[in-house]
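Enquirer: Input: one structure, supplied below.
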Ligand SMILES: Cc1cc2nc3c(=O)[nH]c(=O)nc-3n(C[C@H](O)[C@H](O)[C@H](O)COP(=O)(O)OP(=O)(O)OC[C@H]3O[C@@H](n4cnc5c(N)ncnc54)[C@H](O)[C@@H]3O)c2cc1C
């Protein structure tokens, strides 16, 4: 019987598995998907995560293939509204590291246990002093597993493993977005957020002269890939990004939701990552929140396994810090999401003015801190 079972081998489960393994805990990872990889979502890794993962060597691996984004610009039409300087923050890693999610997952999993793939966890229940999991394997065979502790890191899709369905309902925002990762003519390590009357267009550098573009979608009902690509092209061309507009091969759509669970622990069942909190990706903090959940939980679980009894007081403090951090990140993401909506002429002028003020010293240092996750309780 493994001491800890982690449900889900997304970035958060992978990190937790590796951190437990590094501390000598017998941890097993169960993953529904038969193969790793898939589409890239999270690309930004923030300073507190880089600092937390430095001792294990993960940060060095992440940075070897990442772009270091030291500044961001807010623009409207041809006007520069202001800049955010991550390189002025007094932190060990004064930048946002950007890299594809698959590269992040590879860096996280190097020292961890290999996930058992094609294993879908159907339920998790207490069973005396242990936890019992019902698992269905690819091909249909079912298995019952036991562990001392179970951590649900299953993302939003299997939140029901840990929470009652009525308590786990996320709030959906009305907004829809288009996204593409594409080659561009030249490397430029600046992040750019354009706020025009038609809504937000974000542009983030990626390794290898590529960029991630995210745009507010004016016509989300037409989800045909050709139509999505055409709309993305039109947005990019309207913003003067003609090179990227010509090069994009495809675009996809996504929607955003908000959920913050008030509890992350019930006995020997714990919850981390998107299963516990889902924040709008506009601002890019969801994966980072989950990585900090995992990095701060691992030493407590190791102590639990070593001593044979749960460090209840430390786990309660961990839970309070992580829930408070998720609430802060959700509030920041919500503000970003509202700021990125299409507006009429007057409201747009007010938005531009508000941003110019917010991006002037000294307020812009607070903004840089907030965007770099400096307000997280474990930063
Ligand atoms: C477009 C987009 C861009 C984003 N960009 C950023 C960004 O730049 N920075 C950032 O910090 N965040 C970003 N995010 C958010 C980020 O992607 C998520 O917060 C992050 O992936 C959550 O990681 P996770 O491991 O908790 O969950 P997931 O990534 O959802 O992984 C959960 C895993 O559990 C598995 N699983 C599910 N159910 C079961 C089951 N029953 N049994 C076994 N396995 C199961 C799934 O197959 C999956 O592999 C973005 C999100 C989107 C949509």
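Enquirer: Quick check on region 40-151: take the gyration tensor over C-alpha atoms, sort the square-rooted eigenvalues as a ≥ b ≥ c, and tell me if it's rounded (a/c under 1.5), prolate or oblate. Don't skip to the end; give the middle numbers.
Expert: Working: a/c = 2.82, a/b = 2.38, b/c = 1.19.
Prolate.
Enquirer: Still on this structure: Looking at the calculated P(r) for region 58-119, what percent of the C-alpha pair distances fall above 13 Å? Walk me through the numbers on the way to the answer.
Expert: Numbers: 1346 of 1891 pairs.
So the pairs more than 13 Å apart make up 71 percent of the total in region 58-119.
Enquirer: Going out from 0 in 10 Å bins, what whole percent of all Cα-Cα distances in region 152-206 drops into each bin?
Expert: 17, 29, 24, 25, 6
Enquirer: I want to check the label-to-label distance for residue 88 and residue 324. Put each point 7 Å from Cα in the C-beta direction and report it in nm to one decimal.
Expert: So the label points at residue 88 and residue 324 sit 2.8 nm apart.
Enquirer: Where the Cα atoms of region 261-379 are projected onto their three principal axes, how long is each span, largest first, in whole Å?
Expert: Taking the Cα atoms of region 261-379, the three principal extents are 63, 27, 18 Å.
Enquirer: Using all alpha carbons of the chain, what is the percent of pairwise distances in each 10 Å bin, ordered from the shortest bin to the longest?
Expert: 5, 23, 32, 24, 12, 4, 0
Enquirer: Which of 97, 74, 234 ends up with the largest GNM mean-square fluctuation for the chain, with Cα atoms connected below 10 Å?
Expert: 234
Enquirer: While we're here: DSSP beta bridges in the chain, what fraction antiparallel, as a percent rounded to 5? Write out the running numbers ahead of the final one.
Expert: Values: 53 of 71 bridges.
Approximately 75 percent, going by the DSSP bridge assignments.
Enquirer: Where the Cα atoms of region 1-45 are projected onto their three principal axes, how long is each span, largest first, in whole Å?
Expert: Largest to smallest, the principal-axis extents are 33, 25, 11 Å.
Enquirer: Using alpha carbons only, how many degrees (0 to 90, rounded to 10) separate the axis of helix 11-22 from the longest principal axis of the chain?
Expert: 40 degrees
Enquirer: Normalised by the residues of region 304-379, what does the relative contact order come to in percent, with Cα pairs under 8 Å and at least six apart?
Expert: Working: 23 pairs, mean separation 33.6, N = 76.
The value is 44 percent.
Enquirer: Suppose a student asked you for the relative contact order of the chain, using Cα pairs under 8 Å spaced at least 6 residues apart; what percent would you report? List each step's numbers first, then the result.
Expert: Numbers: 791 pairs, mean separation 80.2, N = 379.
Worked out over the chain, it gives 21 percent.
Enquirer: Ok, one more. Would you mind estimating how fast region 301-361 diffuses translationally, via Stokes-Einstein at 4 °C and 1.567 mPa s with the Kirkwood radius over Cα pairs, in µm²/s? Please list the in-between numbers first.
Expert: Numbers: Rh = 15.3 Å.
Estimated diffusion coefficient is 85 µm²/s.
Enquirer: Measure off 7 Å from each Cα along the Cα-to-Cβ vector at residue 1 and residue 185, then give the distance between these two points in nanometres to one decimal.
Expert: Simple spin-label model gives 6.5 nm for this pair.
Enquirer: Output the Kirkwood hydrodynamic radius of region 119-267, Cα pairs only, in Å rounded to one decimal.
Expert: Details: mean 1/r = 0.0533 Å⁻¹.
One decimal place: 18.8 Å for the Kirkwood radius.
Enquirer: For region 224-266 and region 268-304, write down the distance between their C-alpha centroids in whole Å.
Expert: Answer, in whole Å: 25.
Enquirer: Just 265, 317, 88 to compare: in a GNM of the chain, with alpha carbon springs under 10 Å, which one fluctuates most?
Expert: 317
Enquirer: Within region 345-379, find all residues whose amide N lies under 15 Å from a label point positioned 7 Å from the Cα of residue 238 along Cα-to-beta-carbon.
Expert: 345, 348
Enquirer: Let me ask you something else. Run the numbers on region 243-379 and let me know its relative contact order in percent, using alpha-carbon pairs under 8 Å that are six or more apart. Walk me through the intermediate numbers first.
Expert: Values: 115 pairs, mean separation 33.7, N = 137.
The normalised contact order for region 243-379 reaches 25 percent.
Enquirer: In angstroms, what radius of gyration and Dmax does region 15-68 have, counting Cα atoms only?
Expert: Here Rg and the maximum Cα pair distance are 13.3, 35 Å.
Enquirer: Calculate, in nm to one decimal, what residue 51 and residue 169 gain on full extension: separation in residues at 0.36 nm each, minus their alpha carbon distance.
Expert: Working: separation 118, 0.36 × 118 = 42.48 nm, distance 3.29 nm.
Going from the current span to full extension adds 39.2 nm.
Enquirer: Let me ask something else about it. Report the percentage of all Cα-Cα pairs in region 198-284 whose separation exceeds 17 Å, rounded to a whole percent. Each step should come with its number before you reach the end.
Expert: Details: 2194 of 3741 pairs.
Roughly 59 percent, rounded to a whole number.
Enquirer: Once both labels are modelled 7 Å past Cα along the beta-carbon direction, what's the residue 223-residue 197 spacing in nm?
Expert: 3.1 nm
Every number in this text was worked out from the coordinates using simple rules, so none of it is lab data. All values reported here derive from a predicted model rather than from experimental measurement. Cβ sites come from the backbone with ideal geometry, for glycine too, and all protein chains shown count toward neighbours.
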